[in-house]
Structure formats: C-alpha cells, structure tokens
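**Q** I'd like to ask you about the structure that follows.
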Amino acid sequence: MNKQHLLGYAMSLAACLLIWKVASLLMSSVVLPGPEETMRALWEAMGTERFWSFFMISTLRVLASIALAWALAFPLGIMIGYNRKTDRLVSPLIFLTYPIPKMVLLPVIILLFGLGDLSKILLITLVVFFQILVATKEGVSGLDRKYIDSMRSIGASERDIIRETVIPAALPSCFTALRIVTGTSISVLFFAETFAGSSGLGYMIMSAWNWGQYVQIYVGIVAMSILGISIYEAFTYLERRSCRWMVVEEEEPTKVGIWDKVVTYAHMIKISHTVFALPFGLAALVILSENHIITAEMLLWVIIAIVAARSAAMGFNRVIDASYDGRNPRTANRHIPSGTLSVREATMFGVFSAVVFVGAAAMLSPLCFLLSFPVLAILVGYSYTKRFTSASHLVLGISIGLMPLGASVAVAGTITPATAVLSLALSTYIAGFDILYACQDIEFDRQEGLRSMPSRLGIMPALLISIALHVISIIGLAALYWMLPLSPAYLVCIAAIGGLFVIEHLLVRPSDLSKINVAFFDVNSVISVMVFVAVSLGAFI
C-alpha cells in the first residue's frame, strides 16, 4: 500500500466516521450508537479471548475458501482460455451452472457435510469459484495471439508458453477477481455463520442482535470490515509483487514522500501560528472546569476542532488569495504562487480540514455539530472581506474569537459570561496585531484596491486603533479576575502580558516597520501562552 493510498484511506475513513456520527445524532436511537462508543467497545473486545477466537475462525474460513476456489478455478480458467477444444467442451457447463444461486444449496451442503467448518468453506468456495474462473478465462482469451506465435517461433514448448506468456496474462484478471470475491466471501461467510454455526464473527453479530446488544452488533460489523479490507489489501500487495510490469510506471513518478507533503501543508497554513489561538481555547476549558467535568476525550476533540478549524481557514485563505499573493513581492514565495502546491491540493487540504472540524464538533455534541457550519462559513468568508471593508481585521478577530465560545458550548451547552469576556479579549487581541501586520502591505493594498485600516487611514491612525484594541483586550483579561475565583497569581501574569503589549507597540513605529515580524511572531506567541498560564495559575494555586 503506497502513501497516497494510505492518505486516501484516511480521508475515506474520516468521511465515513463523520457520516456515521451525523446519522447517529439525527436518529438519536440506541439502535445506531455513535462511532466513538463502538470504537471503545471494539477496543475492550480486542482484549478478550472470545473476540480473537471468533476473528481467527472467520479469517481461516474465508482464506481456506478463497485458496480452494483459486486452486481449482485458476488452472481450469487457463485451460479453457488457452485451449479452444477445452473451451468448447467446458464452457457450456460453466455458463449453465454459473447463474444458479449457490446460497440456496446451503441446506443440502449441511445435510451432506454437517454443521462444521467444511460446509461453510464449501459454500463460500462454490460461490467465488465461478467468479475467479470466468475472470481468469477472459484474461487468457484477451491475450494477443502474436505473443504466443512469437514464443513458438523461437522454439518454446507449450509448457514454456503457458509459464512465460499465458499465466502472466491471466494474473491481473485473476487478482482483480480475488479482490472482488473478498467482499462476496465475507458476505457469504456471515450468512453461513448465522444460519448454522456457533462460532465466528457472523455468529457474534447475530448473538448480540438476539440479546439486544446493539453496540456489540457494530463491533462485529467493524471487525468483519477490518477482515475484508485486510484480505483485499493483501491481494493488492501480492498483485504488485507478482505483476511488477504493471506498477513500474505508477511508482516512478512518486518522488515526494508523505512526510514531505505533510510538512509542506503545515508550512502553507503556518501550523506554528496555532499557538496564537489554541491557548485561549485551553484557557476556556480551565475556566469551565470550575463547574463542569472535562474528560480526556472532550479535551482531545476540542483540540482537534481548534486545529482543524484554523487549518481549514488558512487552507481556503491561501486558495482565495493566491492571485494577490503571487503579485505581492512579500508573499510571492508562498506555496501556491511558487508552485510548491497546486490550487487543487490546497483546496483538498481545506476540504479535508473542514470535514475533520465538523466531525470533531459532532463528537462533542449535536449542538456543536449544527453550529460548526455557520462557524465554517465565517472562517472561510473572512478571506473575502478585505475586498470590500477595512474592518476585515475585526472580522478575523471575531472568527478566531469564536474559539472560547465553542469550547463553552461543547462543555456547558451554552455561552458563559466568563468565556464571552475571554472571547472579547481574544478577538481584540487578534484584530490588533493583524492591523500591525497589515502595515507591511500598505502600498500593495492601495495599488490592488484591497481594504485595510493602514491603507485607508494611514499607518499612525491604524497603530492607534491597534493600541486601543489591545487595551480592550487587557481590560477584558483583567476583568476575569473579578468574575472568577482566581488567585492573585493571575493578576501578576496579566500585568506581565500588559508589559508585552507595550513592548509590541514600541517595536512597531510609523517610521520603522522593520521589527513587525518580531512583534508578530515572537511577542504574540509569548502573550498567548501567558494567557493560558495565567488562567491555570489563577485557578489552581
């Protein structure tokens, strides 16, 4: 399995889990438990001997059936496809018996061979035999006869022709059939184990159904899915090893490793800048923990939601602003303008991040799931605001300021006064330093007709507005001391944060913008972490 294949599986799995979670939320029934509940039950089941016993029994039945069917069908398919006389004799019998539904023969097979493994293996073998046989025959029949004539012209024997030409021609079709029959064999296995059996995953599912253990039903379904995918990928691997001539062209262009891609995407969205906002979300959880229980699972999904939301916003921002970035000397080396990533790749990353965000929200609560869509609209819509309003900095602040509010909804089911004030502090903090950052592009924004406070009002008025916003931010943070039972250590930290704000504005002056990056990256990252430290010290000391 190559790395792109793994990424495809990961994205498909995320989409399936999201659909599953949404369906369970909409149905709100014990008949359809959520994926997280099922995965916990699966993990517990994997610690039992009973689960692994059933899993191995089902695995052996399927593998034995497919192996037996292949051992019979592959040689016969080669004979029929290669030898026309054999084809005329055998094909009518095959096409006469192929349409017969083999499942109806189960009672007869049980009467003849009993209730043990043999009857189940024979039934599965009977079903998949014909699919392998027909696919193999068609693979050989499609072989261009000039290859056989070429082999004969150099004195090759019939054995050499079959070994060097016919079998290689049959293998791709045979492996395709093997992958197809994997799903068929799992389905027949389930039927056979539920109809007449006392072991195996199919029996485990039906036993759970009889006892009304709905979560265990899905544990069995997931286990059977894992079994099917494992066998399917095993056949894919064997095909790549056996039919190397088919995969050389596919493997050669793959030069960029998956880790390199991950690093590239991380650089594109500046993943390190998550430190500007994530500590505020964690600080909100600390505040909420005073009156609510914060579980490890809840903490995990909140962090995933925060990181995914920001990744989606930045991914779409890079796509939406790609043309402007390419014309701006300061941003021309970003990943899309420089060609490191294509618009399609960045868009796919944004969509994937959005799906993860919605999925994480769904894992937190139905209300979080419903609110995730308008939040996404705000996060993506921000990128267009600079085209028509100079208040785009405030929109960015509000977008990121939603984070503490989201944490509050996830934990408390509503917005608490303290998290609302924290949200105000975060919004004004983000908007203030975004105004500072925009001072770098004042000439470009005016040239392109983009709206920003520096380009509209000038650098000095913009800096004054930034100072005012940061004053509101520090006042909001200080107000939490009187709203919550926080220790004096909190005020000490807030005083330090106020000092950092002063340093930030001393670094950026109308006559000297050279230290904007120091103020933006270094000072702001310290301020964000200090907010979390302040709330934590105030709450726990």
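The values are calculated or read from the model by the stated rules, or taken from the named source; none is laboratory data. What you see is a predicted model; the values in this text were computed from it and never measured. Here Cβ is always computed from backbone atoms with ideal geometry, including for glycine, and neighbour counts include all displayed protein chains.
**Q** Would you please name the residue that is surrounded by the most Cβ atoms within 10 Å (Cβ to Cβ), looking only at residues in segment 330-350 that are among the hydroxyl-bearing types (Ser, Thr, Tyr) and more than 9 Å from Val319 (Cβ to Cβ)?
**A** Ranking the candidates gives Thr331 first.
**Q** Name the residues in segment 85-106 that are touching a residue at least 24 places away in the same chain (Cβ under 8 Å) and not in a helix (DSSP H, G or I), would you?
**A** Tyr98
**Q** Next up: For Ser528, all conditions in the list (1) polar (S, T, N, Q); (2) under 28 Å from Ala438 (Cα atoms); (3) surrounded by fewer than 20 Cβ atoms within 10 Å (Cβ to Cβ) hold save one; what is the number of the exception?
**A** Failed condition: (3).
**Q** For residues in segment 330-350 being assigned to a loop (DSSP other than H, G, I, E, B), of a type outside the set (S, T, N, Q) and touching a residue at least 40 places away in the same chain (Cβ under 8 Å), which is nearest to Lys386 (Cα to Cα)?
**A** For segment 330-350, the residue satisfying everything is Arg330.
**Q** State all residues of segment 96-154 that are hydroxyl-bearing (Ser, Thr, Tyr), crowded, with 16+ Cβ neighbours inside 10 Å and either closer than 20 Å to Cys174 by Cα or out of contact with any helix residue (DSSP H, G or I) (no Cβ under 7 Å at 6 or more places or on another chain) (or both); if no residue qualifies, say none.
**A** Thr125, Thr136, Ser141
Conditions (1) modelled with pLDDT of 90 or more; (2) of a type in the set (A, V, I, L, M, F, W, C), marked per residue:
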{"position": "Ala71", "(1), (2)": "yes, yes"}
{"position": "Phe74", "(1), (2)": "yes, yes"}
{"position": "Tyr82", "(1), (2)": "no, no"}
{"position": "Asp87", "(1), (2)": "no, no"}
{"position": "Pro92", "(1), (2)": "no, no"}
{"position": "Val104", "(1), (2)": "no, yes"}
{"position": "Phe113", "(1), (2)": "no, yes"}
{"position": "Gly116", "(1), (2)": "no, no"}
{"position": "Leu126", "(1), (2)": "yes, yes"}
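**Q** Determine whether Leu450 is more than 30 Å from Ala296 (Cα to Cα), touching a helix residue (DSSP H, G or I) at 6+ places or on another chain (Cβ under 8 Å), of a type outside the set (Val, Ile, Thr) and not in a helix (DSSP H, G or I).
**A** yes
**Q** Just one of the numbered conditions (1) within 28 Å of the chain's Cα centre (by Cα); (2) surrounded by fewer than 17 Cβ atoms within 10 Å (Cβ to Cβ) is not true of Leu201; which one?
**A** It is condition (2) that Leu201 fails.
**Q** In the set Leu63, Leu68, Leu76, Leu72, which member is touching a residue at least 12 places away in the same chain (Cβ under 8 Å), in a helix (DSSP H, G or I) and in contact with a Leu (Cβ under 7 Å, 6 or more places away or on another chain)?
**A** Just a single option satisfies the conditions, and that option is Leu76.
**Q** Let me ask something additional. For segment 9-27, check the following and say yes or no: at least one residue is surrounded by fewer than 12 Cβ atoms within 10 Å (Cβ to Cβ) and closer than 14 Å to Gln216 by Cβ.
**A** Looking through segment 9-27, none of the residues is surrounded by fewer than 12 Cβ atoms within 10 Å (Cβ to Cβ) and closer than 14 Å to Gln216 by Cβ.
**Q** Against the definition (at pLDDT 90 or above, touching a His at 6+ places or on another chain (Cβ under 8 Å) and assigned by TED's automatic domain parsing to the domain that holds Thr295), how does Arg327 come out, yes or no?
**A** no
**Q** Kindly establish whether Ser466 is assigned to a helix (DSSP H, G or I) and out of contact with any His (no Cβ under 9 Å at 6 or more places or on another chain).
**A** For Ser466, the condition - assigned to a helix (DSSP H, G or I) and out of contact with any His (no Cβ under 9 Å at 6 or more places or on another chain) - is not met.
**Q** So, one more: Would you point out which residue out of Ala410, Ala354, Ala362, Ala377 is at pLDDT below 90 and assigned to a helix (DSSP H, G or I)?
**A** Ala362
**Q** If you don't mind, there's one more thing I want to ask. Taking the residues in segment 428-459 that are of a type in the set (Gly, Ala, Ser) and either surrounded by 20 or more Cβ atoms within 10 Å (Cβ to Cβ) or not assigned by TED's automatic domain parsing to the domain that holds Phe501 (or both) as candidates, determine which candidate is farthest from Thr385 (Cα to Cα).
**A** If we take residues in segment 428-459 being of a type in the set (Gly, Ala, Ser) and either surrounded by 20 or more Cβ atoms within 10 Å (Cβ to Cβ) or not assigned by TED's automatic domain parsing to the domain that holds Phe501 (or both), then Gly432 is farthest from Thr385 (Cα to Cα).
**Q** Same structure again: Considering only residues that are of a type in the set (Phe, Trp, Tyr) and touching a residue at least 40 places away in the same chain (Cβ under 8 Å), look in segment 351-403 and name the one that is surrounded by the fewest Cβ atoms within 10 Å (Cβ to Cβ).
**A** Phe388
**Q** Just one of (1) in a helix (DSSP H, G or I); (2) at pLDDT below 85; (3) of a type in the set (Val, Ile, Thr) trips up Ile109, so point out which.
**A** Of the numbered conditions (1) in a helix (DSSP H, G or I); (2) at pLDDT below 85; (3) of a type in the set (Val, Ile, Thr), the odd one out for Ile109 is (2).
**Q** Would you mention how many residues in segment 60-95 are crowded, with 18+ Cβ neighbours inside 10 Å and among the basic types (Lys, Arg)?
**A** Residues in segment 60-95 being crowded, with 18+ Cβ neighbours inside 10 Å and among the basic types (Lys, Arg): 1 in total.
**Q** Can you tell me which of Glu233, Glu164, Glu193 is charged (D, E, K, R) and either surrounded by 20 or more Cβ atoms within 10 Å (Cβ to Cβ) or within 27 Å of Leu112 (Cβ to Cβ) (or both)?
**A** Glu193
**Q** List pairs: first residue in segment 227-245 and under 20 Å from Thr59 (Cβ atoms), second residue among the charged types (D, E, K, R) anywhere in the structure, Cβ distance under 7 angstrom, at least six positions apart or on different chains.
**A** Final answer for the pair search is Tyr232/Arg179; Phe235/Arg179; Thr236/Arg179.
Matching residues to (1) under 25 Å from the mean Cα position of the chain (by Cα); (2) more than 22 Å from Met403 (Cβ to Cβ):
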{"residue": "Ser311", "(1), (2)": "yes, no"}
{"residue": "Arg318", "(1), (2)": "yes, no"}
{"residue": "Ser323", "(1), (2)": "no, yes"}
{"residue": "Arg327", "(1), (2)": "no, yes"}
{"residue": "Arg330", "(1), (2)": "no, yes"}
{"residue": "Asn333", "(1), (2)": "no, yes"}
{"residue": "Ser338", "(1), (2)": "no, yes"}
{"residue": "Leu341", "(1), (2)": "yes, yes"}
{"residue": "Thr347", "(1), (2)": "yes, yes"}
